[in-house]
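Structure first, commentary second.
The values are calculated or read from the model by the stated rules, or taken from the named source; none is laboratory data. Treat the numbers as computed from the prediction; the structure is a model and nothing was measured. Cβ atoms come from the backbone with ideal geometry, glycine included; neighbour counts cover every protein chain shown. In case anyone asks, the SASA skips ligands and DNA or RNA and just uses the protein heavy atoms, side chains included. Shrake-Rupley method; radii C 1.70, N 1.55, O 1.52, S 1.80 Å.
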Amino acid sequence: AYTGWTLDPNTLAYQFNPKIHDDGDKTVLGQMGAFDGDQVLDILLAQPETATFITTELWRAFISEAPDPAQIAPIAESFRASHYDIKTALRGLFLSEAFWDERNRGVLVKSPAEFVVGAVREFDLGYADQDATALAVQMRNFGENLFYPPNVKGWPGGENWINSSTLLARKQFIEQLFRATEAHGMRPAATNAKTSVMSGSMSGPMPNMMTNAAMKPAAMQRPHPGLRFDLDAWLARYNTTPDARPDLSTQLQLQRAVLAVSPADAIEPDVTSSGYLRALLMDPAYQLK
């Protein structure tokens, strides 16, 4: 049915070549005919299971890894009735009780794209056009080579995003973020040995078990030259400065700003706002959404 669907070799634009299309009969889900690719899609979309399948996948992306068939059913029905208007499915999910249930907070792992792009947006990171490629390389280091999934199903996602190598790379990216404050004439966030151990800092001497091979590729070791993080301006939103000691109210505001759930690790009490933010971003909870 899909023979003849191809790309123009010069422009890489989609095109249909009828000369290489098989116009004979095909059998799809019990139906027989001289179907082409579009007609196969029509057959698939006519199946109620298709709307349920897509809605379930969206549930796994935005709510939890444990879909609730009872709540999915009415959303999928509306989705199918709308002729597969994706807004209808998303609206149903985002207005569902499950989406707002506290038990579904912090149960999904950020994908590499969500982790990197989320940080760029959340912290208003500045970068030159050529540095966008370097950010894409970071995502590849985290296990997501954009537009090149491992197979047609895509990346497994979920907890598969996290392993000893990718977690290390993510923590190094946070270190790069704080080193990027130097672009604004600022010193990096002050830390001490205790904070470094608690937060998993890689800014100090590397443990003996870490080899050069474990630190490859080199892009993971250096801050991007064009990455800029105005830490002073960002913390000013919460009425604090990098060197100030945040009170409890400020600490809670910073937690709510960057974490989906409360931090998993204890944070040293007498720490600066810069150090407190850094500890939050090094916390396992920052990997969740």
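Observations, loosely collected:
- With DNA, RNA and ligands ignored, accessible area of THR3 (1.4 Å probe; Å², nearest 10): 60 Å²
- Accessible surface, 1.4 Å probe, highest first, among residues ARG103, ARG170: ARG103, ARG170
- Along principal axes, Cα extents of the range 66-143, largest first, whole Å: 45, 31, 23
- Modelled label positions at ALA61 and ARG140, each set 7 Å beyond Cα in the direction of Cβ, lie 2.4 nm from each other.
- Sorted largest first, the spans of the alpha carbon positions of the range 30-87 along the three principal axes are 41, 20, 17 Å.
- When Rg and the Kirkwood Rh are both derived from Cα coordinates, the Rg/Rh ratio for the range 1-142 amounts to 1.09.
- Backbone phi angles across the range 252-262, fed through the Karplus curve with coefficients 6.51, -1.76 and 1.60 (θ = phi - 60°), yield HN-Hα couplings of 5, 5, 5, 4, 5, 6, 10, 10, 7, 9, 5 Hz in residue order; Gly and Pro are listed as x.
- Stokes-Einstein translational diffusion, the range 223-288 - Kirkwood Rh over all Cα pairs, 1.567 mPa s, 4 °C, in µm²/s: 105 µm²/s
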